[in-house]
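This report concerns only the one structure given below.
The values are calculated or read from the model by the stated rules, or taken from the named source; none is laboratory data. Note that the structure is predicted; figures quoted are calculated from it, not measured. Quick reminder, even Gly has a Cβ in these numbers, built from the backbone with ideal geometry, and neighbours come from all protein chains shown.
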Amino acid sequence: MIGNSVKQLILENEADFLIPDEKVAHVMDINPLNHAFLVLANVRYSKIPVLNKQGQFVGLIGLSDIVNAMFDVTSINADKLNDYYVKDFMETGVKTIQRPYDIEYLLHLMVDSAFVPVTNQDNYLEGIVTRREILKAVNHMAHSLESQYDVEKKELKEISRQYFG
């Protein structure tokens, strides 16, 4: 469990966590795979969100997913990208978060992900929270904790009480 003081310091810049959906590159699940390849190559991200026709978040597509689609048994065939759609190779079952953020859950997800999609209750993409923004918040907390709070190891407090009352 994350202590309230740490939570409070990490969340001080919570407004900066979200990169809004209009600034996030994404593709539709019905787009040809070659379109996703071009988008990923252009924005230089390793993964991007995938939306359905209604604009709801349905998964992620990554460069490695697309490269795997190009492999034959003995060669690489980029022409195959015209034969498939994003929905054929996207990652589904991706964990998302909603606002207000459960910071402990968010930190847990960030261990294995460069970003976490933020959706509303109807699964519409609101944006993403990146590991970079979370690390900036943790850095802020690490530099601010002792200047704003008295930090003392509990064991030392107990020993002090025993000897000094």
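Taking into account only those residues within the stretch 1-35 that are small (G, A, S) and within 19 Å of the chain's Cα centre (by Cα), which is modelled with the lowest pLDDT?
Start the filter on the stretch 1-35 by keeping residues that are small (G, A, S), which leaves 3, 5, 15, 25.
If we keep only those that are within 19 Å of the chain's Cα centre (by Cα) too, we end up with 15, 25.
Values: A15: 82, A25: 96.
Applying the filter and picking the extreme gives A15.
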- Do the conditions hold for I19, that is, is it more than 25 Å from H108 (Cα to Cα) and β-branched (V, I, T)? no
- So, of the residues in the stretch 105-126 that are among the charged types (D, E, K, R) and assigned to a loop (DSSP other than H, G, I, E, B), which turns out to be nearest to the chain's Cα centre (by Cα)? D112
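When you look at I134, is it assigned to a strand (DSSP E or B), in contact with a helix residue (DSSP H, G or I) (Cβ under 9 Å, 6 or more places away or on another chain) and within 16 Å of E14 (Cα to Cα), yes or no? Break it down into steps so the answer makes sense when it comes.
Values: assigned to a strand (DSSP E or B): no; in contact with a helix residue (DSSP H, G or I) (Cβ under 9 Å, 6 or more places away or on another chain): yes; within 16 Å of E14 (Cα to Cα): yes.
Considered against the rule, which asks whether it is assigned to a strand (DSSP E or B), in contact with a helix residue (DSSP H, G or I) (Cβ under 9 Å, 6 or more places away or on another chain) and within 16 Å of E14 (Cα to Cα), I134 comes out as no.
Working only within the stretch 19-63, note down all residues that are farther than 13 Å from N123 by Cα and small (G, A, S). Walk me through how you get there before you give the answer.
Restricting attention to the stretch 19-63, the residues satisfying the condition of being farther than 13 Å from N123 by Cα are 19-20, 22-48, 60-63.
Selection gives A25, A36, A41, S46, G62.
Do the conditions hold for G127, that is, is it touching a Pro at 6+ places or on another chain (Cβ under 7 Å), at pLDDT 95 or above and small (G, A, S)? Don't jump to the end; show me each part of the working.
On the way: touching a Pro at 6+ places or on another chain (Cβ under 7 Å): yes; at pLDDT 95 or above: yes; small (G, A, S): yes.
So G127 passes the test.
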- Consider Q121 against the criteria (1) at pLDDT below 95; (2) farther than 19 Å from A25 by Cα; (3) not acidic (D, E): it satisfies all of them except one. Which criterion is unmet? (1)
